[in-house]
Amino acid sequence: MAKIILQIFTISIFLSLVAFPATGEEDTYIFGKSINKKSTRLKKEKFSHFRFYWHDIVSGSKPTSMMIIPPPKNTTTGFGQMNMIDNALTLGPELSSKIVGRAQGFYGAASLNDVGLMMVMNFAFIEGKSNGSTFTILGRNLVFEKVREMAVIGGSGLFRFARGYVEASTHSWDFKTGDATVQYDAYVLHY
C-alpha cells in the first residue's frame, strides 16, 4: 500500500512540474492583460449600411439549403428541423443578379408555437473592398413577420470587431418549392 501511495505521489509531482514549469519568469504565461488599442493598428470606427438579397434554394438538383435534421411528425411549426446553408447573396432580387457573397451557416425551427427560426450565419463577401471579409448573424427570425431583426455579433477582416443588426424582409417565397428570396439590410459598426 505504501508503495502505491509513493508511486501516486511521484507521478503527481512529475505531472505538476510538466504542467507548471518553474521558469522564474512570471510574465511568460499570461491569461489576459490590457493592451493599448493603438498597438492593434485598428483604424477609426465606421458605420456602414449594406443591402443584398439572400437566396434560400431548397428545390432542384443544386439546392443551397439542405435539411440535416427533419422535424418530428407531430409538429405544426416544423419545430426541430435544421437546415445547413450556403446561400448566394446578390445585389438584386433575381438569382441571376451579381453575387457579392455567400451566407454560410444553419437555421433551425426553434419555436413550438410560431414558425420561428434560430439563424446562425456568416456573411462571407467576395466583392470589392469587402472581399474576404465576413460578419456573423445570430438571432430569432419569425418568418411571417414583415421585418425581422437579428444581431451582428462579430466579424473578420474589414469587419473585425463588428457589431450591429440586420433587418430581413421576405421579397418572395414559392409555396410549391419552398425557395425564398429575402432582402437583408445590414447596419454594421466596424473598423
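Descriptive notes on the structure:
- Cβ-Cβ contacts under 6 Å between residues 6 or more apart (or on different chains), taken from a first residue in the range 64-86 that is farther than 11 Å from LEU112 by Cα to a second residue that is among the basic types (Lys, Arg) and open to solvent by 60 Å² or more (accessible area, probe 1.4 Å), are listed as ASP86/ARG102.
- Residue within the range 167-181 that is within 19 Å of the chain's Cα centre (by Cα), buried (at least 21 other Cβ atoms within 10 Å of the Cβ) and farther than 21 Å from GLY78 by Cα present: no
- Answer from SER133, SER96 - the residue that is hydroxyl-bearing (Ser, Thr, Tyr) and more than 28 Å from THR40 (Cα to Cα): SER96
- Counting the residues of the range 28-74 that are open to solvent by 40 Å² or more (accessible area, probe 1.4 Å) and assigned to a strand (DSSP E or B) gives 9.
- With respect to the conditions (1) assigned to a strand (DSSP E or B); (2) out of contact with any Pro (no Cβ under 6 Å at 6 or more places or on another chain), HIS171 lacks only one, and its number is (2).
The values are calculated or read from the model by the stated rules, or taken from the named source; none is laboratory data. Keep in mind that this is a model prediction, so the values were computed, not measured. With ideal geometry, Cβ positions are generated from the backbone for all residues, glycine too; neighbour counts draw on all protein chains shown. With ligands, DNA and RNA removed, areas are computed over all heavy atoms of the protein, side chains included. Shrake-Rupley method; radii C 1.70, N 1.55, O 1.52, S 1.80 Å.
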